[in-house]
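Shown next, in structure tokens, is the structure this report addresses.
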């Protein structure tokens, strides 16, 4: 899948079932001739222009592709949609939304948040193994690339080449985006080896890590950053030295937010059966938002569930949403968990 497309069929914002552009909120009569006025900008890999101001777009979420059966070519009204029961949001100008928010690439989540993640802030995506944290993170970066916003993926647990191989198998070929400088993969094992081997007897100072990350941010003028996951990045000191590791995380977050131009997603592994949201117990307090991904069993069937645990400056009502992961598409929200529970209860 090539996101910087000349044709709508290759764009993550295009709903091919209904021939609708989810970014512009308009019907696309000819997918071979995109409506998007920025298609040339995307191809050239430029940043989103400040004067970009398409039509006002409603923030009511469209139905996910998997639930579309009618083949309609227009966005259904909220009162006619039984697929999603998301909180209503007022219509907002797309220009204002893009300047304030960084869309995650998950339209239903962006609608609930009022536009996406606040630009320049840090967000924590926490969850057990296999819940979709890496897919969420890459969807966030690829959406930015589609909008002409360069992003950095900092691979911690596995070599970046393994990550890219997995993305190709999933249906996301990022080679063109790499060539255009819209995505940069950094491998901790190679890019930070000199930092960690500088002096084995001393704790690693956060400034060395921060300097390396910031230098790469400035090099490609990155607007988005993913650290996947955050815990192994914290080296030095013993695991019991919680004061040290908390200050380490705090300094990284504060330094990135002082830049004011980079929206950061950190992922955190939640041990199965644990109620904690992060390894060190401080990441969630520093983050402007927390998205918890989990697995829940309903009537013998396992569902992937998304819970917006925290969203600073966004009036989000507590609710859990069922989602699925679709090859070449990413995370697709299917609806509130309560809806699936009611359906299961009616069956039995």
From 265, 253, which residue is modelled with pLDDT under 95, within 25 Å of residue 141 (Cα to Cα) and surrounded by 15 or more Cβ atoms within 10 Å (Cβ to Cβ)? 253
Among the residues of the stretch 98-142 satisfying the criterion of being part of a helix (DSSP H, G or I) and surrounded by fewer than 19 Cβ atoms within 10 Å (Cβ to Cβ), which is modelled with the highest pLDDT? 100
Among the residues that make up the stretch 174-184, is at least one of them surrounded by fewer than 20 Cβ atoms within 10 Å (Cβ to Cβ), more than 20 Å from residue 102 (Cα to Cα) and at pLDDT below 90? no
Which is in a loop (DSSP other than H, G, I, E, B) and at pLDDT below 95, of 215, 238? 238
Apart from one, (1) assigned to a loop (DSSP other than H, G, I, E, B); (2) modelled with pLDDT of 90 or more; (3) surrounded by 13 or more Cβ atoms within 10 Å (Cβ to Cβ) all hold for residue 303; the odd one out is (1)
Go through the stretch 166-180 and count every residue that is assigned to a helix (DSSP H, G or I) and in contact with a strand residue (DSSP E or B) (Cβ under 9 Å, 6 or more places away or on another chain). 3
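To keep it simple, each residue is scored yes or no on (1) in contact with a helix residue (DSSP H, G or I) (Cβ under 7 Å, 6 or more places away or on another chain); (2) over 21 Å from residue 127 (Cα atoms); (3) buried (at least 16 other Cβ atoms within 10 Å of the Cβ).
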| position | (1), (2), (3) |
| --- | --- |
| 315 | no, yes, no |
| 319 | no, no, no |
| 323 | no, no, yes |
| 332 | yes, no, yes |
| 336 | no, no, yes |
| 342 | no, yes, no |
So residue 232 clears everything in (1) modelled with pLDDT of 90 or more; (2) part of a helix (DSSP H, G or I); (3) touching a helix residue (DSSP H, G or I) at 6+ places or on another chain (Cβ under 8 Å) except one condition, right? Which one? (1)
Return only the number of the condition from (1) in contact with a strand residue (DSSP E or B) (Cβ under 7 Å, 6 or more places away or on another chain); (2) closer than 12 Å to residue 229 by Cβ that residue 157 does not satisfy. (1)
Would you call residue 208 at pLDDT below 90 and assigned to a helix (DSSP H, G or I)? yes
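The values are calculated or read from the model by the stated rules, or taken from the named source; none is laboratory data. What you see is a predicted model; the values in this text were computed from it and never measured. Glycine gets a Cβ as well: all are built from the backbone with ideal geometry, and neighbour counts include every protein chain shown.
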